[in-house]
Amino acid sequence: MRPEAKAFIGWWDTTDPDNPVCKAWIGAHDEANNPEVPPHRHWSVEVTDSTGQMQTRLGVPYDKDHTNITATSADFTVVSGALRVARRSSLEFSVDRDGETGSRWRVRMTPEQNLEMVYHPSNGSEPERIAEFDSETGRMKIRSMEAVDIVMND
């Protein structure tokens, strides 16, 4: 109930009633358990790892106008459905944690409803369109050269 406390909802394994063990919790907190680490300031879903230590698997930072939701040591699986990316949005592949620095690849739908692949170099150079799939012809253009041997149908 103290303002500095981590207020979480926990789920406990009571297989051994004399020794209940917390296995999962959700909640929001500013400070990390390690005082050497900068404040987290996130809402998170945390579960135990194989050693029994709590690990954040899903983190949603707060107090931001646009946020980067992270999943750590976790996979997303869609069962009997689809993973959809809305128009004017992108699917990006990157090697850094924040997704804002370093080289990355972006796949997105253009306003003309073509699918494009863009490379963002880490040196700050302008992004470069590498490939585009034309939604009317089904053809793929690599850079500015059309690959006539590759024909794709919608």
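The values are calculated or read from the model by the stated rules, or taken from the named source; none is laboratory data. All values reported here derive from a predicted model rather than from experimental measurement. No Cβ is skipped: glycine too gets one built from the backbone with ideal geometry, and neighbour counts run over all protein chains shown. Heads up: the accessible areas ignore ligands, DNA and RNA and are worked out on the full protein's heavy atoms, side chains in. Shrake-Rupley method; radii C 1.70, N 1.55, O 1.52, S 1.80 Å.
So that you can scan it fast, the table gives a plain yes or no per residue for (1) modelled with pLDDT of 85 or more; (2) of a type in the set (A, V, I, L, M, F, W, C); (3) over 26 Å from Asn68 (Cα atoms):
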residue: Glu92; (1), (2), (3): yes, no, no
residue: Gly99; (1), (2), (3): no, no, no
residue: Gly102; (1), (2), (3): no, no, no
residue: Met109; (1), (2), (3): yes, yes, no
residue: Met117; (1), (2), (3): yes, yes, no
residue: Gly124; (1), (2), (3): no, no, no
residue: Glu128; (1), (2), (3): yes, no, no
residue: Ala131; (1), (2), (3): yes, yes, yes
residue: Arg139; (1), (2), (3): yes, no, yes
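Of all the residues that make up segment 70-84, how many are open to solvent by less than 80 Å² (accessible area, probe 1.4 Å) and either among the small types (Gly, Ala, Ser) or in a loop (DSSP other than H, G, I, E, B) (or both)? Spell out the reasoning first.
Taking segment 70-84 and keeping what is open to solvent by less than 80 Å² (accessible area, probe 1.4 Å), we get 70-72, 74, 78, 81-82.
Within this subset, residues satisfying the condition of being either among the small types (Gly, Ala, Ser) or in a loop (DSSP other than H, G, I, E, B) (or both) are 71-72, 74, 78, 81-82.
So the count comes out to 6.
Of everything in segment 113-123 that is part of a loop (DSSP other than H, G, I, E, B) and open to solvent by 70 Å² or more (accessible area, probe 1.4 Å), the residue that is farthest from Arg87 (Cα to Cα) is Asn123.
If the condition is being of a type in the set (S, T, N, Q) and surrounded by 10 or more Cβ atoms within 10 Å (Cβ to Cβ), then segment 34-45 contributes only Ser44.
Restricting segment 59-69 to residues that are in a loop (DSSP other than H, G, I, E, B) and among the β-branched types (Val, Ile, Thr), which is most open to solvent (accessible area, probe 1.4 Å)? It comes out as Ile69.
Residues Val78, Val21: which one is at negative phi and touching an Asp or Glu at 6+ places or on another chain (Cβ under 7 Å)? Talk me through it step by step, then tell me what you get.
Numbers: Val78 fails: touching an Asp or Glu at 6+ places or on another chain (Cβ under 7 Å).
Only one candidate passes the filter, namely Val21.
Of the numbered criteria (1) loosely packed, with under 13 Cβ neighbours inside 10 Å; (2) at pLDDT below 85; (3) closer than 30 Å to Ser44 by Cβ; (4) of a type outside the set (Ser, Thr, Tyr), the one Val151 fails is (3).
In the list Ser73, Ser44, which residue meets the criterion of being farther than 30 Å from Leu115 by Cβ and touching a Ser or Thr at 6+ places or on another chain (Cβ under 6 Å)? Before the answer, list the steps.
Values: Ser73 fails: touching a Ser or Thr at 6+ places or on another chain (Cβ under 6 Å).
Matching residue, one of Ser73, Ser44: Ser44.
Selection within segment 1-25: residues that are open to solvent by 50 Å² or more (accessible area, probe 1.4 Å) and among the aliphatic types (A, V, I, L, M). The member of this set that is nearest to Tyr62 (Cα to Cα) is Ala7.
Here Thr56, Thr48 are screened, and the one residue that is open to solvent by less than 50 Å² (accessible area, probe 1.4 Å), of a type in the set (Ser, Thr, Tyr), closer than 19 Å to Phe8 by Cα and out of contact with any Lys or Arg (no Cβ under 9 Å at 6 or more places or on another chain) is Thr56.
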